[in-house]
Amino acid sequence: MSAAPRLENAVVITGAGRRVGFHLAERMLASGRPVIAHYRTRTEEIERLGAAGAVCLQADLADPDGGLRLADAIRNVAVSLRALIHNASAFEKTAPSTTDALRQMDAFYAVHLRAPFALNRDLAPLLRACPEPRSDILHITDIYADNPNPLFDAYCATKAGLQNLALAFAKGLAPKVKVNVVQPGPILFKEWHSPEARKQVLSETLLGEEGGVEAIGIAVEAILQNPYQTGAVIPVDGGRRLA
Ligand SMILES: NC(=O)c1ccc[n+]([C@@H]2O[C@H](COP(=O)([O-])OP(=O)(O)OC[C@H]3O[C@@H](n4cnc5c(N)ncnc54)[C@H](OP(=O)(O)O)[C@@H]3O)[C@@H](O)[C@H]2O)c1
């Protein structure tokens, strides 16, 4: 049996197994783009993406070699990339004990910085090989990257690093590859957010409601469609950053 042909012009989405990442993968498939959906946990959503034609690749990006191994796996299935979207993320309050907090810091650093750094470097040739005039890298950060919440300081600091890395790659990979940042605000609460916390956040959000995954999908599509935008940091937060 001959091997499947390698994908051209594919869109890679990390952390595609649920919520925003899953929505982005579905949206890209619906617009006719080949999708490489990365996941850590094999969820029902990943089964659905696979059934819809996405190539699904597993990697734990907290592993020291996770990013390198994922880049290798992507090179095995694709000859060119239209976009690389760094969506995978770990989000939790900083632990009270410093020993535990350092463990979290290492994991946040690995997922938010080390793996995207490895993927951007090793996949740059595939992004340059994109047959369209421009290709894209997107770093999904957080409005907390600019205005940190001290309860989540380790998370915020590594997301700020991811944002800075985007600007360095925007300079380094221009003019072929555009590199931009999307900063979500309250898009989808976690199941552990209490009713009081949700109420508080929404009272500080000008538009007064959760954004929903569509808001990120629309922002991502707008960036991919815009040939003259790189090094931009775009909040999608209902105005929460102004509170
Ligand atoms: N939702 C919001 O309101 C909000 C607000 C601000 C910023 N953001 C940002 O927007 C993006 C999407 O948000 P979301 O709420 O959809 O995120 P989410 O529900 O926390 O999902 C994150 C994804 O990252 C994956 N992931 C976590 N650790 C990983 C690891 N070590 N290796 C590989 N994959 C790993 C998860 O896989 P598993 O299923 O295996 O855990 C999951 O698929 C994230 O970058 C987030 O920081 C979201």
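Okay, here's what the table says:
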| quantity | calculated |
| --- | --- |
| Conditions (1) near the ligand (Cβ under 9 Å from one of its atoms); (2) at pLDDT below 95; number of the one not met by residue 1 | (1) |
| Residues located in region 96-135, provided they are more than 16 Å from the ligand (Cβ to nearest atom) and among the charged types (D, E, K, R) | 100, 121, 122, 128, 132, 134 |
| Meets criteria (β-branched (Val, Ile, Thr), within 24 Å of residue 22 (Cα to Cα) and in contact with a Phe, Trp or Tyr (Cβ under 8 Å, 6 or more places away or on another chain)) for residue 220 | no |
| Pick from region 98-129, criterion farther than 24 Å from residue 219 by Cα and of a type in the set (Lys, Arg), ranking: surrounded by the most Cβ atoms within 10 Å (Cβ to Cβ) | 114 |
| Filtered residue count, region 181-193, keeping only those that are under 11 Å from the mean Cα position of the chain (by Cα) and more than 7 Å from the ligand (Cβ to nearest atom) | 3 |
| Residue within region 7-23 that is out of contact with any helix residue (DSSP H, G or I) (no Cβ under 9 Å at 6 or more places or on another chain) and free of Cβ contacts under 8 Å to residues at least 24 places away in the same chain present | no |
| Test: residue in region 67-80 that is of a type in the set (Ser, Thr, Tyr) and either within 13 Å of the ligand (Cβ to nearest atom) or farther than 23 Å from residue 179 by Cα (or both) | no |
| Positions within region 1-31 being hydrophobic (A, V, I, L, M, F, W, C) and not in a helix (DSSP H, G or I), in sequence order | 1, 3, 4, 7, 10, 11, 12, 13, 16 |
| Contacts under 6 angstrom Cβ, first residue in region 142-157 being touching a residue at least 12 places away in the same chain (Cβ under 8 Å) and within 12 Å of the ligand (Cβ to nearest atom), partner in a helix (DSSP H, G or I) and aromatic (Phe, Trp, Tyr), 6 or more apart | 155/108; 156/144 |
| Of the criteria (1) in a strand (DSSP E or B); (2) surrounded by fewer than 17 Cβ atoms within 10 Å (Cβ to Cβ), which one residue 132 fails | (1) |
| Residue that is modelled with pLDDT of 95 or more and more than 19 Å from residue 138 (Cα to Cα), where the choices are 69, 82, 33, 18 | 69 |
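Conditions tested, residue by residue: (1) among the charged types (D, E, K, R); (2) within 11 Å of the ligand (Cβ to nearest atom).
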residue	(1), (2)
33	yes, no
36	no, no
39	no, yes
46	no, yes
50	no, no
54	no, no
65	yes, no
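The values are calculated or read from the model by the stated rules, or taken from the named source; none is laboratory data. Owing to the predicted nature of the structure, the values given are computational and were not obtained by experimental measurement. Note that each Cβ is placed from the backbone with ideal geometry, even for glycine, and that neighbours are counted across all protein chains shown.
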